[in-house]
1. Could you grab me the full set of residues in segment 69-106 that are assigned to a loop (DSSP other than H, G, I, E, B) and under 24 Å from MET197 (Cβ atoms)?
2. Taking segment 108-136 on its own, how many of its residues are free of Cβ contacts under 8 Å to residues at least 60 places away in the same chain, in contact with a Cys (Cβ under 7 Å, 6 or more places away or on another chain) and not β-branched (Val, Ile, Thr)?
3. If you go through segment 60-88 one residue at a time, how many are more than 23 Å from PHE182 (Cβ to Cβ) and open to solvent by 10 Å² or more (accessible area, probe 1.4 Å)?
4. What are the residues in segment 76-89 that are in contact (Cβ under 8 Å) with a residue 40 or more places away in the chain and either polar (S, T, N, Q) or within 15 Å of LEU201 (Cα to Cα) (or both), if any?
5. Given the condition under 20 Å from PHE80 (Cβ atoms), open to solvent by 60 Å² or more (accessible area, probe 1.4 Å) and more than 18 Å from the chain's Cα centre (by Cα), answer yes or no: does some residue in segment 183-192 qualify?
6. Just to check your reading of the model, which residue among ARG117, ARG106, ARG94, ARG135 is in contact with a strand residue (DSSP E or B) (Cβ under 6 Å, 6 or more places away or on another chain), open to solvent by 50 Å² or more (accessible area, probe 1.4 Å) and either farther than 22 Å from ASN53 by Cα or among the basic types (Lys, Arg) (or both)?
7. What is the number of the single condition among (1) of a type outside the set (A, V, I, L, M, F, W, C); (2) open to solvent by 60 Å² or more (accessible area, probe 1.4 Å); (3) under 18 Å from the mean Cα position of the chain (by Cα) that LYS145 does not meet?
8. For segment 107-128, which positions are assigned to a loop (DSSP other than H, G, I, E, B) and either closer than 21 Å to SER158 by Cβ or of a type in the set (Lys, Arg) (or both)?
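The values are calculated or read from the model by the stated rules, or taken from the named source; none is laboratory data. The structure displayed is predicted, hence computed values, not measured ones. Cβ sites come from the backbone with ideal geometry, for glycine too, and all protein chains shown count toward neighbours. What goes into the accessible areas is simple: the full protein's heavy atoms, side chains included, and nothing from ligands, DNA or RNA. Shrake-Rupley method; radii C 1.70, N 1.55, O 1.52, S 1.80 Å.
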Amino acid sequence: MTQSSECESSDFNINKLASNYSNKKNTLEKNTSIEMDKMSQELISSIKVSKENQIDAVNNRFPCCVVWTPLPLITWFLPFIGHMGICYTNGVIRDFAGPYFVSEDRMGFGIPTRYWRLSVDKIPFVQNKRETWDRAVKEASEEYKKRMHNLFCDNCHSHVAYALNLMNYDNSSSWNMVKLCFLMFFKGSFVNFGGFMKTWLPFMLIIGTITLIVLIVTLLKIN
């Protein structure tokens, strides 16, 4: 009788241990599954954001960028002056193209030849930085639809500066057209070799022509 009880007790302990092991195994598998799902979602989200942030020059998509294109005649003589726009986080361009008109997805003076990439991480004091960026670009565009275009005082550069000031980009509210002009000139990247040639070829031809004329005149005077 005692031996039988001991066997039953032993069987009970083994079953209990097996049950505990099974429960712990199921819990571990469940937690692992949850962690794997979480990691998978984070990876998918990261890939999605990375894809959204990619520049697609073929389709003129420049996420979170300031973009620039030459102005006929003006850029030929002054290569640091051109037409400027700012892009949403999805890469769509907005630019103050004329009086009471802010174009969308089509720059007023041709496709961008240069871009200056910015980062939403430099927008301070907000949780949803991408939403803040897009809202600032939209609000600036709506504001400039009410304004007369002035080449010297209130132009495409001013529109971009207004957007950056609204979002307090880089913890600054002192963005202006002069600052943006020189930052684009020194920090901007060319979209491709064609963009470089479109920007600099007219200027180089003008300088080359002037240099050639000066040389010819000098030689004629010597002779």
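1. First, pick out the residues of segment 69-106 that are assigned to a loop (DSSP other than H, G, I, E, B): 71-73, 78-81, 88-92, 99-100, 105-106.
Scanning segment 69-106 gives LEU71, PRO72, LEU73, LEU78, PRO79, PHE80, ILE81, GLY91, ARG106.
2. Residues that pass the stated criteria total 2.
3. In the first step, residues of segment 60-88 are kept if they are more than 23 Å from PHE182 (Cβ to Cβ); the result is 60-61, 63, 88.
Now narrow it down to the ones that are open to solvent by 10 Å² or more (accessible area, probe 1.4 Å): 60-61, 88.
Here the count works out to 3.
4. Step one: of segment 76-89, the residues in contact (Cβ under 8 Å) with a residue 40 or more places away in the chain are 76-77, 79-89.
Passing the criteria: TRP76, PHE77, PRO79, PHE80, ILE81, GLY82, THR89.
5. no
6. Numbers: ARG106 fails: in contact with a strand residue (DSSP E or B) (Cβ under 6 Å, 6 or more places away or on another chain); ARG94 fails: open to solvent by 50 Å² or more (accessible area, probe 1.4 Å); ARG135 fails: in contact with a strand residue (DSSP E or B) (Cβ under 6 Å, 6 or more places away or on another chain).
Answer to the selection: ARG117.
7. Failed condition: (3).
8. If we filter segment 107-128 for residues that are assigned to a loop (DSSP other than H, G, I, E, B), which is where we start, we get 107-113, 118-119, 123-128.
If the condition is that a residue be assigned to a loop (DSSP other than H, G, I, E, B) and either closer than 21 Å to SER158 by Cβ or of a type in the set (Lys, Arg) (or both), then MET107, GLY108, PHE109, GLY110, PRO112, THR113, LEU118, ILE123 are the ones that fit.
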